[in-house]
1. Taking a ≥ b ≥ c as the square roots of the Cα gyration tensor eigenvalues, with a/c under 1.5 meaning rounded and otherwise prolate when a/b beats b/c, else oblate, which class fits the range 210-285?
2. Of the listed peptides 67-79, 362-374, 111-123, what is their order by residue-averaged count of other C-beta atoms within 10 Å, with the highest listed first?
3. If you place +1 on the Cβ of every Lys and Arg and -1 on the Cβ of every Asp and Glu, how big does the dipole about the Cα centre of the range 111-168 come out, in debye to the nearest 20?
4. On average over all directions, what projected area in square nanometres does the range 32-161 have, based on the convex hull of its Cα atoms?
5. Please report the equivalent ellipsoid semi-axes of the range 13-75, computed as sqrt(5 x eigenvalue) of the Cα gyration tensor, largest first, in whole Å.
6. Sorted by mean Cβ packing within 10 Å, highest first, what order do the peptides 331-338, 194-201 take?
Amino acid sequence: MPKTTEDVSLRGVQYAEDFISNFSGQDHTYSVGRWIQDIEDNTEIFEWTPLQQLVIARRSLTGTAGLWLRSERPFKSWADLKQAISKEFPDAIGQKTIHEMMSARKKKSDEGYMDYLLIMKELGKRGKIPDYVAIKYIVDGIQDLETNKMLLYGVTSYSELKEKLKIYEQIVNKPNKKPVLSICVENTEEMALVDSGSDVNLMSQDFYEVIGQPKTTEDGIVLSGLGLKPVRSYGEFTTCAVIDGRRYDEVTFHVVPKDCMPYRLILGHEFLASVTMIMNGGSVLLLPSGEEWMRQMDCFTVGSSVVVGSTVSPTVRKEVLQCVDDYKPVQVKEAPIQLKIILKDDIPVAQKRRRLSLKEQQIVEDQVTEWLEKNIVRLKTRYKECKD
């Protein structure tokens, strides 16, 4: 049965909350101009009456905008409400503010890549920022190593960025096979990357703040290999760490900016040199460098297995196995074989001539050196000219 215009209009009123976002006047990413445009676009689509348009607009005002509406006289038409709210909450944000907002905006850990893209795209459109500039802000806002984001650099259109982000998301969500383990520092659990290629142990600034910002000392080191640029350490501090129930004292960490590495903690050669590390794929086992853990290992002898056909009777099978077990190799004969090289061709076995053996040559050189030191002999430095 075909739907009438009245049915479409009523259904649009019922689902108005899904189509129109609430306007509070405090969210800089959702301006009053954008809210007015949403109201008028949906009014045209669902053919709302002027009264329905006014009621839906009033319902979508929350927060500061809702308080303002209740403090004003009742508006009897959408035109009056539109004019008044535009004066009360003007779009006063300029391009400079939009640039600052996009530069400070980072992708949240619980935020989807497409959601993040659309939010940043809306900010860019609002500030009339060129697409290629907004895309650079979007890529910079993804908190990952620069080398991992190389796929996204060079993109200049949103359609291309969407395709690249889908590929990047698949790579990020791929099962992690890197060697990571759980570590407890200052009573705080965190996953740490085991990196034998790192000379020092690293800790990100945000995790350093979580554990209470222990006192650091200036180390003055500059790290390379984190991304594409050198990173200066904020300082170092020494603490204890618990890994797999084992306590390790005097573990030194160097604090670095949070955006320069994908993990909050990295255990480098500075710590790994004092332990025994066993790796299998993405699993890592750290053991003390002492020999206590080796004494607890079970030792057993690996014997060679004997395969006897399944069709053999149990009696014969037992006899065969017994013969194999009782067999002991004993030498009963001796084969007097000697190796002798016989030359059968006409090519002589020759060696380069030398007047003295190596030992005699060394004696001569030592004697000459002694005579030179005692000025008994001297090196000839003048050569006779040869004239044609």
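1. Oblate shape, in that a/c is at least 1.5 and b/c is the bigger or equal ratio.
2. The densest-packed peptide leads the list: 111-123, 67-79, 362-374.
3. So the magnitude is around 220 debye.
4. If I average the Cα hull's projected area over directions, I get 9.9 nm².
5. Each semi-axis is √(5λ); the values are 19, 14, 9 Å.
6. The peptides rank, most packed first, as 194-201, 331-338.
Every read-out reported here was derived from the displayed coordinates using simple, explicitly stated rules and does not represent laboratory data. Everything numeric in this text was worked out from a predicted model, so none of it was measured. Counting neighbours? That spans all protein chains shown, and the Cβs are built from the backbone with ideal geometry, glycine included.
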